[in-house]
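The structure under discussion appears below in the form of structure tokens.
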Amino acid sequence: AVVVSAPGKVLMTGGYLILERPNPGLVLSTSARFYAIVKPLLEEIKPDSCFWAWTDVKVTSPQLNRESMYKLSLKNLTLQSVSRESGNPFVEQAVQYSVAAAYAIADKDRKEVLQKLLLQGLDITILGSNDFYSYRNQIEALGLPLLPESLAALPPFASITFNSEESSGENSKPEVAKTGLGSSAAMTSSVVAALLHYLGAVDLAHVKCSSDLDEVHIIAQTAHCIAQGKVGSGFDVSSAVYGSHRYVRFSPEVISSAQVAIKGAPLTEVVLEILKGKWDHERTKLSLPPLLNLLLGEPGTGGSSTPSMVGAVKKWQKSDPEKSQDTWTKLSEANFALETQLNALCKLAEEHWDEYKELINSCSSLKPEKWMEQATKQSQEVIAKALLGARDAMLGIRYHMRLMGEAAGIPIEPRSQTQLLDSTMNMEGVLFAGVPGAGGFDAVFAVTLGDSSNHVIKSWSLQNVLAMLVREDPRGVSLEAADPRT
């Protein structure tokens, strides 16, 4: 079996702006991961398998207690569901595009190997870390405190609760409260990467070769866009494949041939065209500076619909181009200021490690107004200024995001979140806090210094906010040694 994982994300800066080139976003990949396990369905090929035939594909999602069966046409590489319940469009597109990509780039000998592999059928299992889903209700029902320890006590890959009213019906839909970490992008990317590796189209064991990752990225972006019925900015898929980085979106036209494919062009031709297309996205290495920690909190105020919020911002831009352009520019400047300070901190940590470590540790137990006093050496003054500069930049980002929300009539930083973020930013050792991505009620994040996370977690719990177990993990897709359940 091939086991591949891909991480969930937190968009720290670039909400809304990232939809338009050349605005960048800073996206952090996390320790929350989706796993795809791919193995043959049959030990060997049935003797009566004709060469141009159908093969079976089984997709299992243990957390949703679901199993879907499909027939895959080996002639035109399309999937047909043979299950009664509706399938998952993200998984379906991931399978079709991955198989088509493997065929499109294979030479004659490889095609024969591929044919035999596919005639054994595909058995795909999908598992998502608990962090992608909200288990807050279960924790409260068990009378446990709103603390990460309560989350850690749940079994890994815990089953996702079903709607109580509907659970008597056979096709009850799982009630999935998500935490906004980009589950569909992580899932799509893990399935694409696992299939491409299993079918020999890429080698994830030696990812020194970035062209393999680029192929995973292109196929995952395409499958994800087709499944969601629109071409998004793609930052969530990009971080699922490459890990933490600074991202500038691709031009949407590059996927236009895939949108045409729905009208009937052969999938292998479409995939070749997409792989050869001009993918002009940009990514620059960027992760949090050393000794800085990402913390995510779930306020339990219900989620937000990103598409409808994006729609409202676009409508406002059309109705008031002058004011919206001014807010857009100032927000862009604040984003750039934060990026500059974070890069400066990474460089300072490298050049003055001992002084950097000493200062971060002493500031971790103090409020921000006391940080400058801790800088006893010249290099530490520069570090303290960069820390305070990063704080100011985030305050600027939050201010302009609030303005944008008010003007567009949507809660980008709702009042309840503002109070929570202000109190968090006033705590000892907190560098800054904000709402990730498009904002709303989904989650809040904080970046803390050294060991200061613990008192933030306790303080959040008193404010009815559940700190999640997620941390930053800068890795993208990874080939795993074994099934994560073993």
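The table that follows gives values for the structure above.
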| read-out | value |
| --- | --- |
| Segment 68-133: radius of gyration and largest Cα-Cα distance (Dmax), Å | 13.8, 44 |
| Probe 1.4 Å, all protein chains present, accessible-area order of Ser364, Ser305, largest first | Ser305, Ser364 |
| Projected area, mean over directions - segment 419-486, Cα convex hull, nm² | 6.7 |
| Cβ-derived FRET efficiency at R0 22 Å, Ser379 paired with Asn343, nearest 0.05 | 0.85 |
| Stokes-Einstein D (µm²/s) once Rh is taken as the Kirkwood radius of the chain over alpha-carbon pairs, at 10 °C in 1.306 mPa s | 67 |
| Asp483 accessible area, 1.4 Å probe, all protein chains in place, Å² to nearest 10 | 40 |
| Share of pairwise Cα separations in segment 304-392, more than 15 Å, in percent | 67 |
| Simple spin-label estimate for Asp214 and Ala158 in nanometres, 7 Å along Cα-Cβ | 4.3 |
| Highest average packing first - 79-85, 473-479, 272-278, 403-409, Cβ atoms within 10 Å | 473-479, 403-409, 272-278, 79-85 |
| Cα-Cα separations in segment 300-464 greater than 25 Å, expressed as whole percent | 38 |
| Per-residue SASA entry for Arg471, accessible area with 1.4 Å probe, Å² rounded to 10 | 80 |
| Area accessible to solvent at Lys230, 1.4 Å probe radius, in Å² | 100 |
| Residue-averaged 222 nm ellipticity for the chain, from DSSP H runs of 4+ at -39500 (n - 2.57), nearest 500 | -13500 deg cm²/dmol |
| Taking N as its residue count, the alpha carbon Rg of segment 221-272 over 2.2 N^0.38 Å | 1.22 |
| Solvent-accessible area per residue, Å², over segment 300-464 with all protein chains present [probe radius 1.4 Å] | 47 |
| Assigned charges on the beta-carbon of Lys, Arg, Asp, Glu; segment 300-464 dipole about Cα centre (debye) | 560 |
| Pairs of Cα atoms farther than 21 Å apart, segment 178-272, % | 32 |
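The values are calculated or read from the model by the stated rules, or taken from the named source; none is laboratory data. Computed from a prediction, not measured in an experiment: that's the story for all the values here. Because the Cβ atoms are built from the backbone with ideal geometry, glycine has one as well, and the counts that use them run over all protein chains shown. When the accessible area is computed, the model is the full protein with side chains, heavy atoms only, and any ligands, DNA or RNA have been set aside. Shrake-Rupley method; radii C 1.70, N 1.55, O 1.52, S 1.80 Å.
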